[in-house]
Amino acid sequence: MSDEVLQAISAALRLDVDESAYLHRIARRPRPCAQETSSTDMPVGLRYLLDSFVMTPALVVGRHTQIIGWNRLAVAVFGDFAALPHERRTLSHLLFTEPHLRELLGTGWDQAALAHVAHLRVLLGRYRGHTELTAHIENMQELSPDFARMCAEHPVAQVRNRTYALHHPVVGELTLHGELIALPDAPSCCGLDLFAAEPGSASEQALRELGNP
């Protein structure tokens, strides 16, 4: 199908930029999808970079939202990733099966969860033929009725910048601004997820307290 036809369909359906990009991807023959390497193969420079963010909670996320790497402040804010079973150490599992993260997000959980499901569909278009990603989505649909319900709505939106109003059990109210930075040259990684507080704010002071217990 030509670009002109796909563009006409996008216009007729009033698709936004992310939805149109998804349509273009699924309408074409998928490119061979390189398989991920294991999490232990995360580039050492990326590990050093994570540890250098002393005032920024940081995660390295894989193609099916598995949490490949994290720094100390991310643990202080979001919980102990190392304590999770390896097969459940994903953003999907955290959002949909871990009560503490739902409590942390409070009334913002629904928006964050739906945005996550929408981003998974973007990844599904980007990494077509990636068996682990497909299996992950199918597993989450069986595991969580909320995930299955949101997935049935077919949302499509790439995660970019977003703001979380968290209710942290130690420091109280905590507003963080998230940015997902793509890592196209890292075979095992999809992105570097960074969270920052407004300079001079109470949230910045709260991060400082969490970073220096």
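For H177, neighbours were defined as the other residues whose beta-carbon sits under 9 Å from its Cβ, and their charges (Lys and Arg +1, Asp and Glu -1) total -1. Ellipsoid semi-axes for the stretch 43-104, based on the Cα gyration tensor and the rule √(5λ), read 20, 14, 9 Å when sorted largest first. Across the stretch 88-126, the residues whose backbone nitrogen lies under 18 Å from the label position 7 Å along the beta-carbon direction of V170 are 100-105. With 0.36 nm allotted per residue and the present C-alpha distance subtracted, the H86-I181 stretch has 31.9 nm of extension available.
Using a 1.4 angstrom probe on heavy atoms only, work out the carbon and sulfur share of the accessible area of the stretch 68-213 in %. Could you put the intermediate results ahead of the total?
Values: 3920 of 7160 Å².
Of all accessible area on the stretch 68-213, carbon and sulfur atoms account for 55 percent.
Taking the solvent-accessible surface of protein heavy atoms with a 1.4 Å probe, what is the per residue accessible area of the stretch 135-180 in Å²? Working shown, then result.
Values: 2600 Å² over 46 residues.
Value returned for the stretch 135-180: 56 Å² of accessible area per residue.
Quick note on the stretch 121-213: its Rg to Rh ratio, both from C-alpha atoms and Rh being the Kirkwood radius, is 1.07.
The values are calculated or read from the model by the stated rules, or taken from the named source; none is laboratory data. Bear in mind the structure is a predicted one, so any value in this text is a computation, not a measurement. We place every Cβ from the backbone using ideal geometry, glycine too, and count neighbours over all the protein chains shown. Ligands, DNA and RNA are stripped out before the accessible areas are found, and what is left, the full protein with its side chains, is counted by its heavy atoms. Shrake-Rupley method; radii C 1.70, N 1.55, O 1.52, S 1.80 Å.
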